[in-house]
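First up is the structure itself, then whatever we jot down about it.
The values are calculated or read from the model by the stated rules, or taken from the named source; none is laboratory data. Here the structure is a predicted model, which is why all the values come from computation and not from measurement. FYI the Cβ positions are ideal-geometry reconstructions off the backbone, even for glycines, and counts take in every protein chain you see.
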Amino acid sequence: MGRQTIDKNKPQPDDTAWFRDGLLASWPICFGYIPIGLALGVLGNQAGIPVWAVTMMSILVFAGSAQFICVAMLTAGASGWSIIFTTFVVNLRHILMSSAVAVHLNGVRRLFLSFFAYGITDESFAVNMARFREKNWDPKRAITVNQLANLAWVTATTVGALVGQFIPRGAFGTDYALTAMFLALLLFQLHNAVYILTGIIALILGTAWYILIPGDSYIIGTSITAATIGYFFKRYREKQK
């Protein structure tokens with residue numbers, strides 16, 4: 001058989017296109033993670049969490065909301081079990097996100113699925129689902145988005161923890177940074193009357209629970225109760241339409 005020749009005039013396949021596409025899709029997420037990750041690192045350090053522990057939490061957990069909740073509850077002196085249960089409830093949405101994206105990952109290996117599931121966040125899920133709907137996306141591009149976002153988050157939180165060692169407690173309003181962060185996250189969620197009602201119920205119930213019942217059970221109790229009431233109120237509105 002003759003030696004196969006390569007036509008230099010014919011366009012050759014680009015083996016790095018998947019990485020380049022994933023990089024272009026992930027950079028807005030990475031830039032968005034930088035200020036939030038820096039803030040988390042500073043707050044974590046000022047809450048008494050060592051730099052290595054902040055880094056390991058970002059690597060093992062990789063969930064901004066869960067990590068902010070953990071820092072807030074540690075600052076409030078909450079128990080380990082209450083922190084674990086609260087973050088578990090808050091991040092149950094990852095089950096739904098994983099189920100939605102799973103239909104686009106048929107035929108891939110379990111090890112790949114494990115790394116992919118580890119890297120799912122609200123932001124990477126939204127980007128990947130939008131690209132999958134455009135029919136020009138694949139698992140390699142999608143996992144690139146996940147892992148580059150992960151790298152940006154771990155780096156930002158670690159740098160924030162390192163810088164936090166040189167920022168005096170309370171300087172630049174850091175004592176109120178965590179509260180301001182959660183208020184900002186809440187405001188972005190107030191899309192309609194259901195969300196507003198749920199927020200008001202959580203405010204009233206959480207305050208009353210904190211005053212009347214000793215301990216930190218108000219965090220879990222308020223989260224579950226307010227979310228449940230909001231869910232049934234949403235169902236009721238849907239039936240009325």
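Cβ-Cβ below 6 Å, separation at least six or inter-chain, first residue in the stretch 193-218 and farther than 14 Å from S82 by Cβ, second surrounded by 12 or more Cβ atoms within 10 Å (Cβ to Cβ) and basic (K, R): which pairs?
V194/K234
One residue is enough: does the stretch 129-144 have a residue meeting the conditions surrounded by 14 or more Cβ atoms within 10 Å (Cβ to Cβ), within 16 Å of the chain's Cα centre (by Cα) and at pLDDT 90 or above?
Yes: the stretch 129-144 contains one or more residues that are surrounded by 14 or more Cβ atoms within 10 Å (Cβ to Cβ), within 16 Å of the chain's Cα centre (by Cα) and at pLDDT 90 or above.
Looking at the structure I just gave you, is D122 among the acidic types (D, E) and either touching a Cys at 6+ places or on another chain (Cβ under 7 Å) or at pLDDT 85 or above (or both)?
In short, no.
Being out of contact with any Gly (no Cβ under 8 Å at 6 or more places or on another chain), at pLDDT 75 or above and surrounded by 12 or more Cβ atoms within 10 Å (Cβ to Cβ) is the filter; apply it to the stretch 206-225 and report the residue that is nearest to A66 (Cα to Cα).
Ranking the qualifying residues of the stretch 206-225, first place goes to S223.
With respect to G22, is the statement that it is touching a helix residue (DSSP H, G or I) at 6+ places or on another chain (Cβ under 8 Å) and modelled with pLDDT under 85 true?
Criteria not met by G22.
Name the residue, out of L185, L105, L113, L190, that is surrounded by fewer than 16 Cβ atoms within 10 Å (Cβ to Cβ) and modelled with pLDDT of 85 or more.
Unique residue meeting the criteria: L113.
Within the bounds of the stretch 66-87, is there any residue that is over 24 Å from S223 (Cβ atoms), among the aliphatic types (A, V, I, L, M) and surrounded by 13 or more Cβ atoms within 10 Å (Cβ to Cβ)?
Checking the stretch 66-87: not a single residue is over 24 Å from S223 (Cβ atoms), among the aliphatic types (A, V, I, L, M) and surrounded by 13 or more Cβ atoms within 10 Å (Cβ to Cβ).
Being in a helix (DSSP H, G or I) and either basic (K, R) or surrounded by 15 or more Cβ atoms within 10 Å (Cβ to Cβ) (or both) is the filter here; which residues of the stretch 228-241 pass it?
Result: I229, G230, F233, K234, R235, R237, K239.
Among the residues of the stretch 29-60, write down those that are among the polar types (S, T, N, Q) and closer than 12 Å to T158 by Cβ.
N45, T55, S58, listed by residue number.
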